[in-house]
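Each remark here refers to the structure printed beneath this line.
The values are calculated or read from the model by the stated rules, or taken from the named source; none is laboratory data. From a predicted model like this one, the values you see are computed outputs, not experimental measurements. All Cβ positions, glycine included, derive from the backbone under ideal geometry; neighbour counts span all protein chains shown.
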Amino acid sequence: MRHVRVVLLTLLALFAFAGNSLLCRAALAHTQIDAASFTAIRLISGAMVLWLLLLLRRDKQQRTLLASGNWLSALALFVYAAGFSFAYIQLNTGVGALILFGAVQTSMIGYGLLHGERFGKTQWLGLMLASSGLIGLLLPGLSAPPLWSALLMLLAGVAWGVYSLRGKGVGDPLQVTAGNFILTIPMALLLCALLISRAALDRNGVYLALLSGAVTSGIGYTMWYSALPLLKSTTAATVQLSVPLLAALGGVILLQEPVTLRLGLAALAITGGIALVVLAKSAGKNQ
């Protein structure tokens, strides 16, 4: 039963992560909602769901919820969410998810190198392969993504990498995540106030933002954090390779987005390169 529970939680979390890209792209490409409003609704609804989940645990931890958050971590979370939303105004689902994934993994690997982690030849090859795939995806050309949107998604990926690194070993993941989500609310409201002249809402866009915040973010993160203690670190890192591929597949099936040769080659290079880094690191530890 435990094995089944781990597999189910992991699969649902991965689909939730891919679902974030699909919901955001669908809202910003096919409804009238603006990116700032989508970001605010996503963060506020995510905070509410996480807070309710803490209440359901029937302990006293929710009383210190604000204290469990961290302003720097919350800022990184906000930059990720805002950059993610504004990037998806123009990026296709698969392209955006691949850039995000590549930026997250590359920034976290770079952090490890800067702090003394040693790479073998296979890991350096994997990092070069992943970096070349990311660069190749962004190079000018007929099928290249809009540069400004791609840069915003790169920023979102680096911010999520920072958030993930800051979140390691900080205590109860659900409580800390809820605290950080709550601290992003004033930032999101300030963004909406600054861009009030561009504000636009419609029913479908709000529904998609609520789904993104409450389900694929709030509940999705909770499922992932529940599965993480039961997964080997290598397994956790490797299964995340499927997220950009799931998002791209969803974009093709649900949003009728095209698949280009550039995207396919970049996906192989980025996911294959990261896989080499992760698996080689695991092999080195087991020697």
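Let's see how each residue does on (1) modelled with pLDDT of 95 or more; (2) closer than 20 Å to Leu195 by Cβ; (3) among the basic types (Lys, Arg):
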residue	(1), (2), (3)
Leu14	no, no, no
Arg25	yes, yes, yes
Leu28	yes, yes, no
Thr31	yes, yes, no
Leu56	no, no, no
Seminar exercise, completed: Just one listed residue, out of Gly213, Gly220, is within 15 Å of the chain's Cα centre (by Cα), within 16 Å of Asp34 (Cβ to Cβ) and in contact (Cβ under 8 Å) with a residue 60 or more places away in the chain, and it is Gly213
Exercise. Can you find even one residue in segment 141-161 that is among the polar types (S, T, N, Q), part of a helix (DSSP H, G or I) and modelled with pLDDT under 85?
Worked result: no
Problem set entry | Residue in segment 191-205 that is among the hydrophobic types (A, V, I, L, M, F, W, C) and within 26 Å of Leu14 (Cβ to Cβ) present | no
Exercise. Among the residues of segment 90-102, is there at least one that is at negative phi, assigned to a loop (DSSP other than H, G, I, E, B) and hydrophobic (A, V, I, L, M, F, W, C)?
Worked result: yes
Exercise. Which pairs do you get when a residue that is over 17 Å from Gly272 (Cα atoms), found in segment 107-132, comes within reach of a residue that is aromatic (Phe, Trp, Tyr), reach meaning Cβ atoms under 7 angstrom, with the pair 6+ apart or on two chains?
Worked result: Leu113/Phe119
For this session: Would you mind telling me which numbered condition in (1) closer than 30 Å to Val206 by Cα; (2) small (Gly, Ala, Ser); (3) at pLDDT below 80 Ala103 fails?
Result: (3)
Exercise. Could we say that Gly136 is touching a residue at least 12 places away in the same chain (Cβ under 8 Å), buried (at least 20 other Cβ atoms within 10 Å of the Cβ) and not hydroxyl-bearing (Ser, Thr, Tyr) here?
Worked result: no
For this session: Quick one: count up the residues across segment 22-49 that are closer than 18 Å to Ala76 by Cα and crowded, with 23+ Cβ neighbours inside 10 Å.
Result: 10
Problem set entry | Filter result for the condition that a residue is in a helix (DSSP H, G or I), modelled with pLDDT of 90 or more, surrounded by fewer than 20 Cβ atoms within 10 Å (Cβ to Cβ) and not hydrophobic (A, V, I, L, M, F, W, C), over Pro186, Pro229 | Pro186
